[in-house]
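Asks: Dumping the structure here so I can ask a few things about it.
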C-alpha cells in the first residue's frame with residue numbers, strides 16, 4: 001500500500017471518527033461487492049471491544065487486494081463503468097478513500113476474504129503504518145485454500161479508539177438514516193455479544209416519528225413535465241403534529257442508496273416554524289451519475305455552487321414551499337375538525353352568521369390560534385370555545401339580550417336575514433300578549449293607547465316597583481313610566497309595524513329608511529316593553 005502517513009491520518013482517522021460513518025463505509029463495500037447481506041457484530045466483554053463486518057459478496061483475490069483494495073484514491077468508475085463486479089448493482093463508492101474508515105475507529109484491522117477457493121487473510125496495524133519510514137506498507141498475510149463455494153469478506157476491527165459502551169439500537173438507527181438500499185436484496189443487522197440481532201431497515205429512520213401528514217414525491221406535484229419528474233426524483237416528506245428534535249429535522253438526499261447530503265432545507269426561509277415539523281428523504285440518483293464528482297468526501301453535502309446542483313436546489317426550494325402551503329391548509333383543516341369535535345362549534349357555519357366586521361376579527365383570532373400558534377389541541381379548543389361564548393352565531397342579535405318572547409317570535413326570520421318580518425312577527429306577538437293580559441280586543445295603536453298610560457288605563461306597569469327602603473316612587477315618576485309604555489307601544493305600531501306592513505320591503509331596505517340595525521333596535525325596544533308587560537297588573 002503506497003501512502004503518505006499524513007494522508008491516512010487526515011482522510012481516515014479524522015474524517016471517520018464517528019462510528020456510524022465509519023461502519024457505513026464498510027457496509028457500502030459489502031453492497032458494492034454484491035453481497036445479499038451484511039452483519040455488524042459488536043463484542044464488548046472481558047476480552048475487550050471489537051467490531052466485525054461480515055458479508056457474502058464476491059470477495060477479493062490476492063491481486064485484487066493489491067491492485068484495488070489497498071490502492072488509496074483509486075477511481076473505480078474509470079475502470080468498471082460504475083457497476084459492481086458482475087454488473088448487478090451500481091456501485092456507491094467513487095473516490096477510493098472509504099477504506100480509510102478502518103483507521104477512524106480501530107488501530108488493528110484484520111481482513112479475511114474468500115474467492116474462487118482462495119482465502120486471503122491479512123492484518124494492518126495503525127502504529128506500524130503511521131511510523132513507517134517508507135512510502136510502502138506491506139501487511140502481514142496468509143493465503144490458504146478454501147471451499148470454492150465460500151465467498152465474501154470479513155473485516156474485524158480491534159484495539160478500538162472508542163471507550164464508551166456500544167449502543168446497538170442507536171447505531172442501527174444512525175445507519176438506517178445513512179442508506180436507502182436496505183431491502184430484501186440487501187439485508188443488514190447488528191448483534192451485540194450474541195444477543196438477538198437488530199435488523200437495519202428503512203423503518204428505523206422514522207421509528208419514533210408519528211407522521212401527521214405525508215407527501216409522496218413527485219406525485220405531489222401535478223405537473224408531469226416538472227423537473228422532479230424529468231430527473232426521476234422520488235421520495236417521501238412527512239410532517240409531525242409536534243415539533244421534531246433538531247437532529248431529526250430536514251430532508252436527506254440519497255443517490256444509489258447512499259446519503260449524499262445531510263438533512264437540510266436547501267436555503268428556504270427556515271424561520272417559518274413549519275420546518276420544525278418536517279423531515280423526509282429524496283432519491284437524486286442523477287447527481288451520482290455525473291462525470292464530475294459533486295459529492296463531498298464525507299458524503300455530508302453536494303457541491304451546491306455548480307449549475308446542475310443550483311438547479312436542483314432551486315427546484316427543491318419550490319417543492320418545500322409548495323409542501324409548506326399544503327401543510328398549512330391541511331393542518332388548519334385538521335385543527336378545525338378537532339375544535340369542532342371538542343367544542344361542537346362548526347367554524348364554517350359560525351362565520352357566515354356574523355356581520356362582516358365581526359367576522360373579520362373573529363377569523364383573525366381563530367386563525368392565530370388554529371394556524372399560527374403552538375398551543376396544544378385542547379388549549380386551542382378551549383380558546384375557540386371561550387371566543388364562541390362571547391361571540392355566538394348572530395352575535396349582534398344575542399348581544400341585545402332580547403326578551404324570550406321576542407326571541408321566539410323573531411329568531412327564525414332573523415337567521416334567514418328577513419329582518420323586517422322578524423320585527424313584524426315580534427310586534428304581533430307583543431300585541432297578542434297585551435290583548436291577553438288586558439282582555440282588550442282593540443288592535444294596533446288604539447290598543448296601546450287604551451291599555452297603557454296614567455289616565456284610565458287597563459294595566460299599570462309601575463305598581464310593582466318600590467324604592468330600596470320599601471316606599472313608592474313619586475306620582476310624577478310613576479306617571480312618566482306609564483305614559484312612556486303607552487307612547488312607545490303606540491309608536492311601535494304606527495312608526496314600525498304600519499310602514500313594514502304597507503310598504504315594499506325592497507324600497508325600505510334600499511332607501512335606508514329601515515336597516516338591519518334599525519330592526520335590531522326595534523327588537524331591543526320590544527324586549528323592554530315586554531319586560532314591563534311581564535310585571536304589569538290590572539288597575
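The values are calculated or read from the model by the stated rules, or taken from the named source; none is laboratory data. Predicted model, so just to flag it, every value in this text is computed and none were measured. Every residue, glycine as well, gets a Cβ built from its backbone with ideal geometry; the counts of neighbours run over all protein chains shown.
Asks: Given the residues 354, 312, 387, which is the only one that is surrounded by 13 or more Cβ atoms within 10 Å (Cβ to Cβ), modelled with pLDDT of 90 or more and assigned by TED's automatic domain parsing to the domain that holds residue 267?
Replies: 312
Asks: Which residue out of 196, 260 is modelled with pLDDT of 90 or more, more than 16 Å from residue 315 (Cα to Cα), over 16 Å from the mean Cα position of the chain (by Cα) and in a loop (DSSP other than H, G, I, E, B)?
Replies: After applying the criteria, what remains is 196.
Asks: Kindly list the number of the only condition in (1) farther than 19 Å from residue 352 by Cα; (2) surrounded by 13 or more Cβ atoms within 10 Å (Cβ to Cβ) that fails for residue 439.
Replies: Only one criterion in (1) farther than 19 Å from residue 352 by Cα; (2) surrounded by 13 or more Cβ atoms within 10 Å (Cβ to Cβ) is unmet by residue 439, namely (2).
Asks: While we're here: Does residue 345 qualify as being assigned to a helix (DSSP H, G or I) and either surrounded by 15 or more Cβ atoms within 10 Å (Cβ to Cβ) or over 20 Å from the mean Cα position of the chain (by Cα) (or both)?
Replies: For residue 345, the condition - assigned to a helix (DSSP H, G or I) and either surrounded by 15 or more Cβ atoms within 10 Å (Cβ to Cβ) or over 20 Å from the mean Cα position of the chain (by Cα) (or both) - is not met.
Asks: Please determine whether any residue of segment 406-416 is exposed (fewer than 15 other Cβ atoms within 10 Å of the Cβ), modelled with pLDDT of 90 or more and either in contact with a strand residue (DSSP E or B) (Cβ under 6 Å, 6 or more places away or on another chain) or not assigned by TED's automatic domain parsing to the domain that holds residue 518 (or both).
Replies: no
Asks: Does segment 144-151 contain any residue that is within 17 Å of residue 51 (Cα to Cα) and at pLDDT 90 or above? Before the answer, list the steps.
Replies: The first filter runs over segment 144-151 and keeps only residues within 17 Å of residue 51 (Cα to Cα), leaving none.
There is no residue in segment 144-151 that is within 17 Å of residue 51 (Cα to Cα) and at pLDDT 90 or above.
Asks: Hey, does segment 455-475 have a residue that's over 60 Å from the mean Cα position of the chain (by Cα), in the same structural domain as residue 417 (by TED's automatic domain parsing) and part of a helix (DSSP H, G or I)?
Replies: Looking for residues that are over 60 Å from the mean Cα position of the chain (by Cα), in the same structural domain as residue 417 (by TED's automatic domain parsing) and part of a helix (DSSP H, G or I), one finds at least one in segment 455-475, hence yes.
Asks: Here is a further query. Counting only residues that are in contact (Cβ under 8 Å) with a residue 24 or more places away in the chain and either in a strand (DSSP E or B) or farther than 20 Å from residue 306 by Cα (or both), how many does segment 264-287 have?
Replies: The total comes to 12.
Asks: Another question, then. Output the number of the condition that residue 68 fails; it satisfies all remaining conditions of (1) under 17 Å from residue 114 (Cα atoms); (2) assigned to a loop (DSSP other than H, G, I, E, B); (3) at pLDDT below 90.
Replies: Failing condition for residue 68: (2).
Asks: Starting from segment 147-172, keep only residues that are over 15 Å from residue 193 (Cβ atoms), then list their pairs with residues that are in a loop (DSSP other than H, G, I, E, B) and modelled with pLDDT under 90 whose Cβ atoms are within a distance under 7 Å, requiring at least 6 positions of separation or different chains.
Replies: Listed pairs, sorted by first residue: none to list.
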